[in-house]
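Structure first, commentary second.
Nothing in this text is a laboratory measurement; each read-out follows from the coordinates by a stated rule. Worth saying up front: this structure is predicted, and the values here are computed from it rather than measured.
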Ligand code: ADP
Ligand code: 5GP
């Protein structure tokens, strides 16, 4: 029986500072032939150490709006004063090549993707508590106090929409969390709805048995 070869589309969302980036980086390091991480375009300024074309495609507002107009993005959204969006060509190419493509995106974009591609798996990453979330955001040291406060207030809005997601990923122990995510995504490949060709094959073989074509 041959399972579907095409990759699956995975959306990972979660409060800023929950550990999405850390988990995905680790997942890709361990399974580079299984997963591909989509690189988003954004108008946000690069953080120290972030590289154009690696972490994001850093764009001006005008360049980003041109991408929207050209239909180059699968989805896009505004988040705390900046545009973020997913360029289409890379995602299509990787899915065709059989890779599972991960979009690490916020909640509005996640729903847009789910609407366009209903088979998308939606994961929501949360820390074990709000206190730990604040500690991680402050500890990361990449945003000032004002931006951290804005991101925490955005988290309070996002929590209201968590129940539209498929899986809750609690990022307490990183090692356990990475293994859990990998297992969930392996299991997703076995969904009946993703494997219609394999089901048709066995259906046909069984029909041939019942017609006596196997000579039993
Ligand atoms: P996000 O991508 O969700 O905004 P990051 O991956 O940047 O979050 O993680 C935020 C901070 O929390 C980083 O400093 C990271 O090293 C730390 N972190 C991530 N996962 C864990 C974990 N399981 N335990 C402790 N610290 C963590
Ligand atoms: P950050 O500025 O911390 O890198 O990202 C801020 C938020 O934007 C995060 O929730 C992140 O997941 C989200 N994000 C990153 N890329 C995209 C994208 O292409 N589309 C959407 N909708 N959100 C994105």
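Structural remarks
- Nearest 10 degrees, 0 to 90: helix 20-30 Cα axis against the chain principal axis: 50 degrees
- Using equal-weight Cα scatterers in the Debye expression, the normalised intensity of the range 1-64 in log10 at q = 0.23 Å⁻¹ is -1.17.
- Unit Cα scatterers, Debye sum, the range 118-182: log10 I(q)/I(0) for q = 0.15 Å⁻¹: -0.57
- Acute angle (nearest 10 degrees) that the helix 196-210 long axis makes with the longest principal axis of the chain, alpha-carbon atoms: 10 degrees
- Whole-angstrom gap from the range 128-161 to the range 169-216, using each part's C-alpha centre: 38 Å
- Degrees, to the nearest 10: 61-70 long Cα axis against longest axis of the chain: 20 degrees
- When the convex hull of its Cα atoms is viewed from all sides, the chain shows a mean projected area of 14.8 nm².
- The mean of 1/r over all pairs of different alpha-carbon atoms in the range 10-138, once inverted, gives a Kirkwood hydrodynamic radius of 15.4 Å.
- Here is how the number arises for the chain: DSSP H runs of 4 or more residues each give -39500 (n - 2.57), the sum is divided by the residue count, and the result at 222 nm is -13500 deg cm²/dmol.
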